[in-house]
Structure formats: structure tokens, C-alpha cells
Amino acid sequence: MSRKLLTLSLLVGTSALAANIVTDGTFEAGGAAWTTSGAASIINSANCHNGSSFCAQYGPSPLGNVHQFVPTVTGATYTVSFWLRSISQSTAPPDNAFHFQWDNLIPLVTQVNNAGAFDWTLFTTDVVATSNSMWLSFQGANNTGTFLLDDITVEGPDGSVPEPSTLLLTAAGASLLFLRSRKTAKT
Ligand SMILES: [Ca+2]
């Protein structure tokens, strides 16, 4: 095994331990990785996070849903982060709700309920994977304004990488590098 290949295996091993497992969490690829329904849609607007770009928008009822399945490791903990903004279009009392759901068997986690307008705000929550594919879902409706959702990350072990064999390769690579360095030092 060449030194270059060993170095590569070390890098792969490191990235498998902690990764952002969301596909197109910024929506900048156009949002094709996400399924939308109800009040939710993908838009290209100067109102999106960090200026003119893509994000998800939620209008009036019925409840909108933006979701995708993410590859996880059963039993592992993941940190979910996303940015949310509420633009009020009415002087009426706020009539809206925004929920995060990690699995369609686990109840909705309400993030916002009848809130007035607010600027981009970072929401973070820790969740545990109960299978090797979790339903990452953001649901909302805003009857007196608009919700915008952008820059979603889910940090944790990447379930699409065969972790035990990668770790084994990493350990083997590290041992061989150590032996090679000892051999070089002796000669
Ligand atoms: Ca974006």
C-alpha cells in the first residue's frame, strides 16, 4: 500500500466521524433534493439568508412541508441547525406555526407558534437516529405573513459510509505509517 493511499484512508476515516449529511441544505442547487408540499415552495429571492439566493418559503395554510431522507447511524446523536425568518404582512395578531420533525413516528417539535415578525434566527436541536434513514422535515404555515427557511445542517456520523470497515482501514493505515517511520528511522 502506497503512502498516498494510506494518507487518503486517514482522511476518509476522519470525515466519516463527523459530517453534514444534508443534501443541498442551502437550497443553492435549486432544491431538487427536497420534497415540498402544501404552503411550502423553493424561491430565489433577495430575502433569503445571506442575500440574493435560494431558500424555502411558507405561506398561508395548508401546512407546508419541506423534507428529505438523510443517511444516519442508528443510535447516533445528530445536531440539527437551521435559520428561520418571519416576515409579517399584516397588522392582525400573528397566526402561524413552524415545526421540526426528525421521524414521522416522533411528534412534531414546535419551534414557533403565533410569533410576530423576526429577523434571521438560528435554531439548533439535538436528536438521536432510530434507524439508518431519518425523515428530516420542516413544516409550517403563516396565515399573516411568510416564513423563510435556509442553511440547514445535520452534523453527525454519515450513515452512507460503511463506518466499521473505514475505521479498520484507518487503524491499519496508521499502524503501517508508524512501522514505516520506525523502519526509516533505523536505516
Ligand atoms: Ca440559501
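The values are calculated or read from the model by the stated rules, or taken from the named source; none is laboratory data. All values reported here derive from a predicted model rather than from experimental measurement. Glycine also receives a Cβ, built like all others from the backbone with ideal geometry; neighbour counts cover every protein chain displayed.
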*Take Ser88 and decide whether it is surrounded by fewer than 17 Cβ atoms within 10 Å (Cβ to Cβ) and more than 21 Å from the chain's Cα centre (by Cα).*
yes
*Would you pick out the residues in the range 109-144 that are farther than 28 Å from Asn50 by Cα and either assigned to a loop (DSSP other than H, G, I, E, B) or outside the structural domain of Ser37 (by TED's automatic domain parsing) (or both)?*
Ala129, Thr130, Ser131, Asn132
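Under the condition of being aliphatic (A, V, I, L, M) and buried (at least 16 other Cβ atoms within 10 Å of the Cβ), which residue from the range 27-42 is nearest to the ligand (Cβ to nearest atom)? Even if it seems obvious, please write down each step before you answer.
Looking only at the range 27-42, we keep the residues that are aliphatic (A, V, I, L, M), and these are 29, 32-33, 39-40, 42.
Checking which are buried (at least 16 other Cβ atoms within 10 Å of the Cβ) leaves us with 39-40, 42.
On the way: Ala39: 19, Ala40: 15, Ile42: 10 Å.
Restricting to residues being aliphatic (A, V, I, L, M) and buried (at least 16 other Cβ atoms within 10 Å of the Cβ), the top hit is Ile42.
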